[in-house]
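Worksheet: one structure, shown below.
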Amino acid sequence: MLYLIERAKKCLDFAATLYIIHLFICLIYGGWPSSITWWFVNGVGVAVMALLGEYLCIRRELKEIPITR
């Protein structure tokens, strides 16, 4: 995600979009997921993916730009 997004502001949108696509694929193949465990795991997955992506993007954005002579 670090090389695909490159901006910390877009990480939550990207993570949510991927999990919404995942939900639609699950709807097509197995119907509405009724298990609370499924919802919990996917909610935690979105949160971890967004937070870790933002952390890595911010860390990359704050790197010093090397100036050589």
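Say we look at the stretch 31-53 and pick out the residues that are open to solvent by 70 Å² or more (accessible area, probe 1.4 Å) and part of a helix (DSSP H, G or I); which of these is farthest from LEU4 (Cα to Cα)?
ILE36
Within the stretch 18-30, can you find the residues that are closer than 22 Å to LEU4 by Cα and surrounded by 13 or more Cβ atoms within 10 Å (Cβ to Cβ)?
Of everything in the stretch 18-30, those that are closer than 22 Å to LEU4 by Cα and surrounded by 13 or more Cβ atoms within 10 Å (Cβ to Cβ) turn out to be LEU18, TYR19, HIS22, LEU23.
Consider LEU56 carefully, then state whether it is surrounded by fewer than 11 Cβ atoms within 10 Å (Cβ to Cβ), on the phi < 0 side of the Ramachandran plot and either assigned to a helix (DSSP H, G or I) or in contact with a Cys (Cβ under 8 Å, 6 or more places away or on another chain) (or both).
It is false that LEU56 is surrounded by fewer than 11 Cβ atoms within 10 Å (Cβ to Cβ), on the phi < 0 side of the Ramachandran plot and either assigned to a helix (DSSP H, G or I) or in contact with a Cys (Cβ under 8 Å, 6 or more places away or on another chain) (or both).
Can you name every residue in the stretch 3-21 that is within 11 Å of VAL46 (Cβ to Cβ), hydrophobic (A, V, I, L, M, F, W, C) and in contact with a helix residue (DSSP H, G or I) (Cβ under 8 Å, 6 or more places away or on another chain)?
Listed by number, the residues that qualify are CYS11, LEU12, PHE14, ALA15, ALA16, LEU18.
Scan the stretch 6-17 and report the pairs whose first residue is in contact (Cβ under 8 Å) with a residue 40 or more places away in the chain and buried (at least 16 other Cβ atoms within 10 Å of the Cβ) and whose second residue is in a loop (DSSP other than H, G, I, E, B) and of a type in the set (A, V, I, L, M), with Cβ atoms within less than 8 Å and a gap of 6+ or a chain change.
The qualifying pairs are CYS11/MET1.
Residue pairs, Cβ under 9 Å, 6 or more apart or interchain, first in the stretch 27-56 and closer than 14 Å to PHE14 by Cα, second of a type in the set (Lys, Arg) and surrounded by fewer than 12 Cβ atoms within 10 Å (Cβ to Cβ). List them.
GLU54/LYS9
The values are calculated or read from the model by the stated rules, or taken from the named source; none is laboratory data. None of these values were measured; they are calculated from a predicted model. No Cβ is skipped: glycine too gets one built from the backbone with ideal geometry, and neighbour counts run over all protein chains shown. For accessibility, only protein heavy atoms count, side chains too; no ligands or nucleic acids. Shrake-Rupley method; radii C 1.70, N 1.55, O 1.52, S 1.80 Å.
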